[in-house]
1. Rounded to the nearest 0.05, what FRET efficiency do A96 and Q288 give with R0 = 60 Å and r taken as the Cβ-Cβ distance? Could you check?
2. May I ask you to derive the FRET efficiency for E331 and Q135 from their Cβ-Cβ distance with R0 = 56 Å, giving the value to the nearest 0.05?
3. Can you return the aspartates and glutamates within cross-link range of K340? Criterion is Cα-Cα under 16 Å, with same-chain partners fewer than 8 residues away left out.
4. Using square roots of five times the C-alpha gyration tensor eigenvalues, list the equivalent-ellipsoid semi-axes of segment 1-42 in whole Å, biggest first.
5. What's the carbon and sulfur percent of the chain's accessible surface, probe 1.4 angstrom, rounded to a whole number?
6. Residues in segment 346-363, backbone N under 15 Å from the label point at R211 (7 Å along the Cα-to-beta-carbon vector): list them, ranges by number please.
7. What relative contact order, as a whole-number percentage, does segment 7-180 give when Cα pairs under 8 Å and 6 or more residues apart are counted?
8. So what does the Cα-only Debye profile of segment 251-405 read at q = 0.14, 0.16 Å⁻¹, as log10 I(q)/I(0), no solvent term?
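The values are calculated or read from the model by the stated rules, or taken from the named source; none is laboratory data. Only a predicted model underlies this, so the values are computations on that prediction, with no experimental measurement involved. Neighbour counts are summed over all protein chains in view; Cβ atoms, including those assigned to glycine, are modelled from backbone coordinates with ideal geometry. When the accessible area is computed, the model is the full protein with side chains, heavy atoms only, and any ligands, DNA or RNA have been set aside. Shrake-Rupley method; radii C 1.70, N 1.55, O 1.52, S 1.80 Å.
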Amino acid sequence: MILQGANIVLGVTGGIACYKAVDLCSKLVQAGAGVDVIMTEAATHFVTPLPFQTLTKRPVALDMFQLLRDVDMAHISLSQKADALVIAPATANTIAKLAFGLADNLLTSTVLATTAPLVIAPAMDADMWANPITQQNTETLRQRGACIVGPGQGRLASGRVGAGRLVDTEEILAAIRQTLGRNGPLAGRRVAITAGGTQEPIDPVRHITNRSSGRMGYALAEAARDAGARVTLISAPTCLPAIYGTEMVSVRTAAEMHEAVMALRQQTDILIMAAAVADYRPAAMAEQKIKKGDGGMTLQLERTVDILNAVAQARTDGMPGLVVGFAAETENLLTNARDKLARKKLDLMVANDVSATDSGFGVDTNRVILLTPDGEAHTLPLMTKFQVAEQVVNRVAAIWRERYE
Ligand code: CTP
């Protein structure tokens, strides 16, 4: 995980959302990041340094004059040490100071002195956010390369409803991860990932689907984003929240997924087909809900398009540069997976034994084997789907480097 071992400087400025910065700080530490907190004077009126100090096990930097006591030039050492500088919550006042390059406290001085990427999570009342000055200042920072995450819509401290809420911790974490990964092994690569189980309608209220939760594909989208890729997630219906920093194309049926993949094919460097695509669909969809009768019922099915085969046929123009498939098997895992690798002309096959209770559909863990056309088989131990995704992404990046760089 990209946050493991990263040095994050967390700037906390004075707003009611300060208490949420404690949660962010906690999650960063849990993810293995080293966190140094800088609080502005105003922030200390909303929350004390104590929770941050307790969580990070490091002193909280409060003001410029502290450096007289610490000898160490705090704003210089923190600015050099940071892999990313995160300001959450960021008030309109601090955003304005940053846009104009002011350095009147330890936080703004550190930002001015750093070359580390900036992640800014604004939080303020709706009118302050909507003010053209704030909008312009935020835009200035964005154009200078800062990642602006939020603000979100919702109920504000004033009781009004509008834009100005600090976004959820998970979203800020995702923005930090994406920012840290900007120059990662897939930087500049366009990656399309399919996810979920397609739904093939029988009538307006029924469909045929499978047990895929979409988790593997969504984990791949996160891992590819964290590796610097521009990710498009082509998703069949799932219960999962959208992945921050990726583009989402929602589809339902195998035919829609086929169309979406083909439409993107020439703008895609790497295609990862993690979706469980239906192989058959009802030959005709009833226009009205089918009423039950006394006897049994036979449903006529027809084949859907094999998307990977269609991609393989069109790929004579070299796009996508790499294609990865998944094989979900309940028996003869290696033989079946190797056969599909060859038949679908893949560069990497992720073979997955879905008969095990701790692997495959509906669980958070997976046990997979990575197969390449040269006959190599790399067995990974049981790990979370995110860890599997990171391994697949690293492998894909290595194959890309070998072949195209
Ligand atoms: N796949 C596809 N189009 C389909 C079915 C599957 O592109 N209509 C892709 C999947 O996304 C996966 C790979 O093919 O990456 C293997 O899918 P799987 O269903 O396991 O293989 P099939 O070739 O359909 O073989 P079988 O159903 O006989 O196991």
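1. Result of the calculation: an efficiency of 0.50.
2. Once rounded, the FRET efficiency stands at 0.40.
3. Qualifying aspartates and glutamates at Cα under 16 Å: D279, D306, E329, E331, D353, D374, E376.
4. Each semi-axis is √(5λ); the values are 21, 11, 6 Å.
5. 52 percent
6. It comes to 352-363, nothing else.
7. 22 percent
8. Log10 of I(q)/I(0), two decimals: -0.78, -0.97.
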